[in-house]
Amino acid sequence: MNFSEIHIGQKAEIQHTITQKDIEKFVDLTGDDNRLHVDNEFAKNTSFKKPVAHGMLGASFISTIIGTKLPGDGALWFSQNIEFLLPVRIGDIITVEAEVIKILKRQNIIELRTDVFNQHRQKVIAGTAKVKIVEHKIPEKEVEKQRKQKTALIIGASGGIGSATAKKLAQKGYNLALHYFSNKSKVDEIKKEVEKNGVRAFVFHADITKLENVIELIENVNRAFDYLSALIIAATSAVPNIIFDKLEWEDIQNHIDINIKSAFYLAKGLKEKFIKQEFGRIVILTSQYTESTPPDNMLHYVTAKSALNGFAKSLATELASKKITVNLVSPSMTDTELIADVPEKNKLILAAQTPLKRLATPEDVADTIAFLVSDEAGFLTGQTIRVNGGINML
């Protein structure tokens with residue numbers, strides 16, 4: 001964050017749950033094994049009755065919020081007034097809040113109110129901090145170098161299509177921000193594999209249907225990479241067959257959230273970065289079912305994907321003048337874990353009906369995505385590229 005971007009009243013917050021492991025790590029690091037912190041029997045015979053977390057353990061998260069949120073990279077924390085008001089114990093959920101209360105422009109210094117609250121909204125730590133902001137300017141040559149070695153944020157990188165896309169882009173020299181929601185072990189494997197290509201890769205977790213998670217995700221990606229050339233949204237969720245009589249609005253809403261709400265949050269959060277760069281590629285996965293006779297019992301899925309198509313085309317129109325392209329990729333049934341429960345007979349029938357006589361592979365889709373984020377696709381926007389072996393020709 002540049003000094004000029006900071007203003008009085010600006011706020012940030014983070015949360016952390018204090019665990020036994022936190023206590024043990026703090027003891028290993030500092031050597032402070034005061035029995036009030038580590039011995040249940042000892043603590044039982046004091047007025048606290050239970051072990052109390054080290055005061056500086058809770059206060060250490062003030063460093064986290066200053067170093068990663070406000071002001072973030074380049075923060076030189078040089079002064080802190082602090083008062084410990086209430087004990088913090090294992091299991092407490094602490095919220096650290098920072099607010100800019102003073103700005104000294106000549107010295108590039110800001111003063112922050114730094115308070116820590118527990119899950120009951122009781123203030124457990126109060127204080128003020130002084131931070132000098134060390135400006136970080138990227139040389140023009142470095143900016144040009146980053147433009148040449150592009151970077152992509154892949155939403156849903158642990159999925160079949162997302163992981164295939166990560167591997168394809170890494171082969172083309174892209175640095176990667178790999179998002180996942182639940183399958184961390186899979187995305188960690190992908191990270192190791194793509195880094196064999198000599199590119200940098202970082203793993204990020206987020207629930208992309210929650211605005212606060214998306215904001216944090218984008219902040220973390222921006223900290224990892226100064227330049228971001230592409231956003232690829234390949235996230236999906238299970239698509240159970242539900243007959244209309246059994247369908248609830250919640251089923252439809254869940255798919256609207258994962259398709260529309262998340263795309264809205266992500267595109268809105270990255271728009272200014274793409275505009276500033278004068279370059280941006282957005283690619284979103286849709287479904288062939290929006291352009292053919294929908295299958296039975298998938299109203300919730302088809303409704304959300306149809307809305308996504310309209311969203312993407314409207315967004316493409318609005319962002320075109322900003323040198324940002326938005327395109328859709330529409331695969332037919334693709335051989336991933338998502339179709340593991342589809343009867344083999346159904347897969348064989350579909351493959352037989354496809355002119356190219358097979359199902360799509362994740363690599364087929366990844367090849368198309370790689371083209372759409374490239375310089376060669378600069379005059380394509382608002383388009384739906386169908387990767388379906390010819391089963392649906394428009």
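Readers should treat all values here as calculations from the given coordinates under stated rules, not as data from a laboratory. Bear in mind that the values here come from a model prediction, so they are computed numbers and not experimental data. Cβ coordinates were reconstructed from backbone atoms using ideal geometry, including for glycine residues, and neighbour counts include every protein chain displayed.
The figures follow:
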item	result
The stretch 3-133 - percent relative contact order, Cα under 8 Å, separation 6 or more	29
Label corresponding to mean projected area of the Cα convex hull in nm² when calculated from the structure given, among (1) 26.7; (2) 24.5; (3) 20.8	(2)
Considering only the chain, percent of DSSP beta bridges that pair antiparallel, nearest 5	55
Positive minus negative residues near V124 (Lys, Arg vs Asp, Glu; Cβ under 13 Å)	-1
Exposed-site-free run, longest, the chain (rule: GluC sites (Glu not before Pro); DSSP loop; at most 12 other C-beta within 10 Å)	1-134
Summed residue charge, Cβ within 11 Å of A152's Cβ, Lys/Arg positive, Asp/Glu negative	+4
Folded to 0 to 90 degrees: helix 160-171 orientation relative to the chain principal axis, Cα	80
Test item: Cα-centred dipole of the stretch 140-387, Lys/Arg +1 and Asp/Glu -1 on Cβ, debye	800
Separation of alpha-carbon centers, the stretch 267-310 and the stretch 47-97, rounded to whole Å	41
Filter on K271/K323; K168/K268; K276/K322; K105/K132; K130/K271; K21/K130 - keep pairs with C-alpha separation over 21 Å	K168/K268; K130/K271; K21/K130
CD proxy at 222 nm, helix term only [per DSSP H run n ≥ 4: -39500 (n - 2.57); per residue of the chain; nearest 500]	-11500 deg cm²/dmol
The stretch 3-133 shape via C-alpha gyration tensor axes, a/c threshold 1.5	prolate
12 Å beta-carbon shell around K210, net charge (K/R +1, D/E -1)	-3
Of I349, I282, I369, the one that fluctuates the most in a GNM where the chain has Cα springs shorter than 10 Å	I349
